[in-house]
Amino acid sequence: MKHWRWFDYKKPIPAPAVIGLGVSIWVIFFGVWEMSSAMGWVSELLVPGPQKVVAALYNLIAERGFLGDVGISIYRIIASFTAACAIAVPLGILMGSFRSIEAFFNPFVSAWRYLPAPSFIPILLMWFGTGEAPKLALLFIGVVWFLTTIVMDHTKNVRTELIETALTLGGNRKQILWTVMIPAVMPDVMTAMRQMLAMSWTYLVIAEIVASTNGIGAMMMRAKRFLHTDEILAGIVVIGVLGLTFDFMFKVAHRKLFPYLEAHGR
């Protein structure tokens, strides 16, 4: 594509422009951050510059075993998110496929969806103590109900013509579910999983500041006690990088699993 304009609606732009624009926003962000710190526009104690944050991150990794905390946090995200998907995806597909199942489960799912996950922290601590269980349970609760609803909505949007054609060809309910509904909705289900994984990362720090001695959130709370803002910001940066990495992995997997969507510009 040789010619393109900045503000064409839904028009693709060249790959170099995509990369350049993506890099530019980060250059501007870190430039403004560094300038604000160097010029004294913000308190150095509260907002240390990027160089100090990088130095703090290096110290955490080299001398204080921070990679172990990172590994524990990744485990918590993967374990809780896998459990949430194992329940939300099949339940959401069934609710979106059969109105009777939706009528039975939806009032229950909808009620839980409006309850803030952090409000369960006291009862989870009473039930499970201070080990891994309450942290995993909090991350699970924060994702499962929203993901179920999103999967249900995507399943409802499967074209009726596909179901009618399958019925005309003699397909029964089980065959239509496995050969029509699930293949048709899975690209959108994976997109929903990618979106909800971001929600799981947002709950991570909340889960790890409660009676926890390890993980990224626990490190950030220890840093707070001694006003080590650079270490707190280093933890935030690490969470952001990990979130982007997982998001990219989902994006690549989506492209590999559903290559036919790329040909149609989806």
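The values are calculated or read from the model by the stated rules, or taken from the named source; none is laboratory data. The model shown is predicted, which means the values in this text are computed figures rather than measured ones. In this analysis, Cβ positions are derived from the backbone assuming ideal geometry, glycine residues included, and neighbour counts consider all displayed protein chains.
If I filter region 3-11 for residues that are of a type in the set (Ser, Thr, Tyr) and part of a loop (DSSP other than H, G, I, E, B), do I get at least one hit? Checking region 3-11: at least one residue is of a type in the set (Ser, Thr, Tyr) and part of a loop (DSSP other than H, G, I, E, B).
Residues in region 105-121 that are assigned to a helix (DSSP H, G or I) and surrounded by fewer than 12 Cβ atoms within 10 Å (Cβ to Cβ): 107, 108, 111, 119. Output yes when any residue across region 142-150 is in a helix (DSSP H, G or I) and closer than 17 Å to residue 73 by Cα, and no when none is. Yes, because at least one residue in region 142-150 is in a helix (DSSP H, G or I) and closer than 17 Å to residue 73 by Cα. Only one of the listed residues (213, 229) is more than 23 Å from the chain's Cα centre (by Cα) and more than 16 Å from residue 56 (Cα to Cα). That residue is 213.
Of all the listed residues (138, 167, 204, 177), the sole one being over 16 Å from residue 92 (Cβ atoms), assigned to a helix (DSSP H, G or I) and over 16 Å from the mean Cα position of the chain (by Cα) is 167. When you look at residue 124, is it surrounded by 14 or more Cβ atoms within 10 Å (Cβ to Cβ) and in contact (Cβ under 8 Å) with a residue 24 or more places away in the chain, yes or no? Spelling it out, it is not the case that residue 124 is surrounded by 14 or more Cβ atoms within 10 Å (Cβ to Cβ) and in contact (Cβ under 8 Å) with a residue 24 or more places away in the chain. Just one residue in the set 132, 161 is surrounded by fewer than 22 Cβ atoms within 10 Å (Cβ to Cβ), closer than 16 Å to residue 185 by Cβ, charged (D, E, K, R) and modelled with pLDDT under 90; that residue is 161. Does residue 55 meet the test of being under 28 Å from residue 184 (Cα atoms) and either part of a helix (DSSP H, G or I) or of a type in the set (S, T, N, Q) (or both)? So residue 55 does not fit the description; no. If I filter region 208-243 down to residues being surrounded by 18 or more Cβ atoms within 10 Å (Cβ to Cβ) and of a type in the set (S, T, N, Q), which single residue comes out as nearest to residue 49 (Cα to Cα)? For region 208-243, the residue satisfying everything is 229. Per this entry, residue 58 is not counted among residues that are exposed (fewer than 15 other Cβ atoms within 10 Å of the Cβ) and under 21 Å from the mean Cα position of the chain (by Cα). Quick check on residue 196: is it part of a helix (DSSP H, G or I), buried (at least 17 other Cβ atoms within 10 Å of the Cβ), touching a Gly at 6+ places or on another chain (Cβ under 8 Å) and modelled with pLDDT of 90 or more? No: the conditions fail for residue 196. Take the conditions (1) over 30 Å from residue 110 (Cβ atoms); (2) assigned to a helix (DSSP H, G or I); residue 214 misses just one of them, which is (2). Residue pairs, Cβ under 6 Å, 6 or more apart or interchain, first in region 74-98 and more than 13 Å from residue 185 (Cβ to Cβ), second of a type in the set (D, E, K, R) and surrounded by 15 or more Cβ atoms within 10 Å (Cβ to Cβ). List them. The qualifying pairs are 76/135. All conditions but one from (1) in a helix (DSSP H, G or I); (2) surrounded by 11 or more Cβ atoms within 10 Å (Cβ to Cβ) apply to residue 48; the one that does not is (1).
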